[in-house]
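Novice: Mind looking over this structure? Questions follow.
What follows is calculated from the coordinates using simple rules that are stated; it is not laboratory data. Not measured: the values here are computed from a predicted model. Counting neighbours? That spans all protein chains shown, and the Cβs are built from the backbone with ideal geometry, glycine included.
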Amino acid sequence: MYKVFVKEVAIIVTSDKSSFKDHHIFNIKKVNFEELVKQIENKEITDVVLYSKNESKLLKRLHKLLPIVIAAGGLVLNQDNDFLFIHRNGKWDLPKGKAEDGETIEQTSIREVEEETGVRNLQINNYLGHTYHTFSRKGKLKLKLTHWFIMETDFNKKLKPQKKEGIDKAVWFNKKEAILALKESYANIRELFPEDMLVDDRR
């Protein structure tokens, strides 16, 4: 199963529709995906499932729906276990960006975090997972596949938000602050944070 986020709505992409009987179910091979996205953005429809009975072809069919942009980013912690956030377009977000030719996805994630926040000395600890969301670029709808890594750093100098990318803040948030920031973030970003990661261990 996969999720494709259209703003705050998660489209479920699955080969098992039996668990989603209260959803609107569309055949992934026949759906007019761009029209479906418009309906979701206009709040005409929610609780959507894209279904294909052939599980082995599910990902391939998902990737055929729209042109795909590959990106990578990081969930970064410092030595105080604070989380690195950026603020852009009125929302709290995590640093990420499009992959460049010749880069590994790990190289992309580190470069983008460095460029968007000014952080250095990054070390990748683990692969966190991936997210899908739709976006428009020059009037054309696209699908962004973002790979996420858990990173750590001992960097303790002033952060430098990348203004030319529309980022107006780059900050470290403790767990309590991160919980509040996630309420003003995106649904796909909230999914990246395991519950135990935000538990206050000082209790």
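Novice: What are the residues in the stretch 137-161 that are free of Cβ contacts under 8 Å to residues at least 12 places away in the same chain and either surrounded by 17 or more Cβ atoms within 10 Å (Cβ to Cβ) or touching a Phe, Trp or Tyr at 6+ places or on another chain (Cβ under 7 Å) (or both), if any?
Specialist: Those that are free of Cβ contacts under 8 Å to residues at least 12 places away in the same chain and either surrounded by 17 or more Cβ atoms within 10 Å (Cβ to Cβ) or touching a Phe, Trp or Tyr at 6+ places or on another chain (Cβ under 7 Å) (or both): none in the stretch 137-161.
Novice: Can I ask one more? Could you figure out which of (1) surrounded by 14 or more Cβ atoms within 10 Å (Cβ to Cβ); (2) of a type outside the set (A, V, I, L, M); (3) outside any strand (DSSP E or B) isn't true of Lys53?
Specialist: (1)
Novice: Still on this model: Only one of Ile40, Ile28 is closer than 20 Å to Ala187 by Cβ and surrounded by 15 or more Cβ atoms within 10 Å (Cβ to Cβ). Can you tell me which?
Specialist: Of the residues listed, the single one that is closer than 20 Å to Ala187 by Cβ and surrounded by 15 or more Cβ atoms within 10 Å (Cβ to Cβ) is Ile40.
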